[in-house]
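For reference, the structure is listed below as structure tokens.
Every number in this text was worked out from the coordinates using simple rules, so none of it is lab data. All values reported here derive from a predicted model rather than from experimental measurement. Please note: Cβ atoms are built from the backbone with ideal geometry, for glycine as well, and neighbour counts cover all protein chains shown.
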Amino acid sequence: MRILLLGYGKMGKAIEKIALDRGHVIAGTIDAENFTAIASSNADVAIEFSQPEAAFNNIKACLENNIPVACGTTGWLDRKNEVDALTKKFNGTFFYASNYSVGVNILFRLNRQLAAMMKTFNEYRVSIDETHHTEKKDAPSGTAITLAEGLIAEGIGKNWTKQATESKDDIAINSFRVDEVPGTHIVKYSSVIDDLEIRHIAHSREGFARGAVMVAEWLPGKKGVLGMDDFLKF
């Protein structure tokens with residue numbers, strides 16, 4: 001399979017290594033300097049891990065050129081409705097996940113199941129901590145936002161916020177940036193009696209990169225707007 005890499009930072013290089021190890025060919029690496037090369041890449045699929053300001057145009061170019069694209073860039077989702085509309089317009093294939101780690105996606109499912117159990121226990125206050133490397137541009141992380149949205153969907157809180165809060169309608173997301181931390185996410189329920197938490201700690205980028213390559217292998221032949229629930233069949 002010919003895989004086009006959109007974004008060639010640490011994550012792009014990790015994806016490249018795994019893709020080559022699994023027998024694939026890298027059709028090209030695209031950054032801001034060679035953006036127009038998407039059209040001539042002759043790729044079977046694209047994996048997009050760039051920057052928030054570049055993601056929309058990268059995805060749009062893939063859809064216009066009939067290249068299925070899996071995106072893991074966060075911080076641009078205010079334009080996702082536009083991408084969904086473009087996917088329909090071009091009868092294309094767009095896959096988005098805030099996190100491609102299988103372990104994190106199990107965490108997403110556990111988070112919702114636990115929230116459904118905890119929502120009647122009003123003595124607990126819920127918050128989310130996320131820690132990433134200092135090069136991560138957006139805060140809170142897309143994974144933390146997905147966790148907060150899962151809580152809200154199950155009836156815990158109404159909004160998420162980056163600020164400390166006393167309101168039970170608001171879920172505080174606390175973001176920390178530390179050198180060389182691939183990603184840690186913790187959902188915490190706290191009361192005066194006890195604390196309960198679920199967490200995921202990534203030891204390297206390999207889990208994210210491997211998941212992205214596995215999705216890319218699965219994506220050709222699929223159509224529409226897709227996500228990890230479709231891939232993992234949760």
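For Lys89, a cut-off of 16 angstrom between C-alpha atoms picks up these lysines, skipping any fewer than 8 places away in its own chain: Lys60, Lys80, Lys222, Lys223. Got the relative contact order for the stretch 116-172 handy, in percent, Cα pairs under 8 Å and 6 or more residues apart? Averaging sequence separation for qualifying contacts and normalising by length gives 34 percent for the stretch 116-172. Sequence neighbours fewer than 8 away in the same chain don't count; with that in mind, list the lysines whose C-alpha is under 18 Å from Lys188. Excluding near neighbours in sequence, the set is Lys119, Lys158, Lys162, Lys168.
Convert 10 °C to kelvin, take the viscosity as 1.306 mPa s, use the Kirkwood radius over C-alpha pairs of the stretch 25-89 as Rh, and evaluate the Stokes-Einstein diffusion coefficient in µm²/s, rounded to a whole number. Don't skip to the end; give the middle numbers.
Values: Rh = 12.0 Å.
This corresponds to a translational diffusion coefficient of 133 µm²/s.
Between helix 10-21 and the chain there is an angle of about 60 degrees, using the helix long axis and the longest principal axis of the Cα atoms. Kirkwood's formula applied to the C-alpha pairs of the stretch 45-181 gives a hydrodynamic radius of 16.4 angstrom. Ranked by the mean number of other Cβ atoms within 10 Å of their residues, highest first, the peptides 151-161, 63-73, 126-136, 172-182 fall in the order 63-73, 126-136, 151-161, 172-182. Relative to the longest principal axis of the Cα atoms of the chain, helix 52-64 runs at roughly 50 degrees. Ratio of Rg to Rh for the stretch 54-113: 1.05 [Cα atoms; Kirkwood radius as inverse mean 1/r over pairs]. Here r is the Cβ-Cβ distance between Asn42 and Lys223 and R0 is 35 Å; the resulting FRET efficiency, rounded to 0.05, is 0.95. When the alpha carbon coordinates of the stretch 102-202 are projected onto the principal axes, the ranges are 38, 29, 25 Å, largest first. Summary value for the stretch 102-202: 36 percent relative contact order, contacts being C-alpha pairs under 8 angstrom separated by 6+ residues. In terms of overall dimensions, the C-alpha atoms belonging to the chain reach 60, 37, 29 Å along their principal axes, ordered largest to smallest.
Restricting to the stretch 102-202, compute how many DSSP beta bridges are antiparallel as a %, nearest 5. Write out the running numbers ahead of the final one.
On the way: 15 of 24 bridges.
Restricted to the stretch 102-202, the bridges split so that about 60 percent are antiparallel.
Taking every C-alpha pair closer than 8 Å and separated by at least 6 residues, the mean separation divided by the residue count of the chain gives a relative contact order of 21 percent.
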